[in-house]
Amino acid sequence: MRNQIIIGIGLALQKHKRSLILRRQGKEVEPLVQRAVEIIGHKDGYNGSTHMWSFPDGRVIQFGGAQHLGDERGYKGHPKDLLVFDEASEFLESQVRFLKLWLRTKDPKQKTK
């Protein structure tokens with residue numbers, strides 16, 4: 001597992017409230033989830049159907065993909081304060097730009113990344 005994903009999972013767990021971690025193909029998110037399980041030590045709060053992990057403190061981590069042009073639109077209207085791309089060079093530039101538009105927060109103390 002590449003270091004940027006481990007760092008991304010760590011940031012999602014410690015510094016951010018609403019995170020989206022993406023692979024190009026959504027069917028390939030399971031290794032990311034398994035790495036998160038290794039770091040956290042359990043799978044409590046994880047919904048395998050939606051690939052969303054909710055934590056008691058209100059943090060949410062969503063794992064997903066955008067294989068085809070237009071798939072990124074499925075994340076429209078869902079603000080995130082952390083956006084992590086696994087192998088960003090595999091995504092279309094227009095997908096990355098579109099997803100970055102939803103990078104925001106209502107909390108003035110929360111940084112976006």
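The values are calculated or read from the model by the stated rules, or taken from the named source; none is laboratory data. Here the structure is a predicted model, which means the values were calculated and not measured. Note that each Cβ is placed from the backbone with ideal geometry, even for glycine, and that neighbours are counted across all protein chains shown. When the accessible area is computed, the model is the full protein with side chains, heavy atoms only, and any ligands, DNA or RNA have been set aside. Shrake-Rupley method; radii C 1.70, N 1.55, O 1.52, S 1.80 Å.
The residue pairs whose first member lies in segment 9-26 and is farther than 15 Å from I40 by Cα and among the hydrophobic types (A, V, I, L, M, F, W, C), whose second member is open to solvent by less than 50 Å² (accessible area, probe 1.4 Å) and assigned to a loop (DSSP other than H, G, I, E, B), and whose beta carbons are closer than 9 Å, counting only pairs six or more residues apart or on different chains, are I21/V29; I21/D86; L22/V29; L22/A66; L22/D86; L22/F91. Picking from residues in segment 90-106 that are more than 14 Å from the chain's Cα centre (by Cα) and farther than 13 Å from L22 by Cα, the one that is most open to solvent (accessible area, probe 1.4 Å) is K106. Of the residues examined, D44 is not one that is charged (D, E, K, R) and surrounded by 13 or more Cβ atoms within 10 Å (Cβ to Cβ).
Looking at this structure, is K15 open to solvent by 20 Å² or more (accessible area, probe 1.4 Å) and in contact with a helix residue (DSSP H, G or I) (Cβ under 6 Å, 6 or more places away or on another chain)? Against the criterion (open to solvent by 20 Å² or more (accessible area, probe 1.4 Å) and in contact with a helix residue (DSSP H, G or I) (Cβ under 6 Å, 6 or more places away or on another chain)), K15 does not qualify. For segment 68-89, a tally of residues being among the hydrophobic types (A, V, I, L, M, F, W, C), under 20 Å from I5 (Cβ atoms) and either over 15 Å from the mean Cα position of the chain (by Cα) or assigned to a helix (DSSP H, G or I) (or both) returns 1. If you go through segment 82-92 and keep only what is over 12 Å from A66 (Cβ atoms) and out of contact with any strand residue (DSSP E or B) (no Cβ under 9 Å at 6 or more places or on another chain), you end up with just S89. Quick check on segment 25-41: of everything there that is in contact with a strand residue (DSSP E or B) (Cβ under 6 Å, 6 or more places away or on another chain) and over 27 Å from D107 (Cβ atoms), which residue is surrounded by the fewest Cβ atoms within 10 Å (Cβ to Cβ)? Within segment 25-41, the match that is surrounded by the fewest Cβ atoms within 10 Å (Cβ to Cβ) is Q25. For segment 62-70, the condition holds for at least one residue, the condition being that it is free of Cβ contacts under 8 Å to residues at least 24 places away in the same chain, over 16 Å from K17 (Cβ atoms) and open to solvent by 70 Å² or more (accessible area, probe 1.4 Å).
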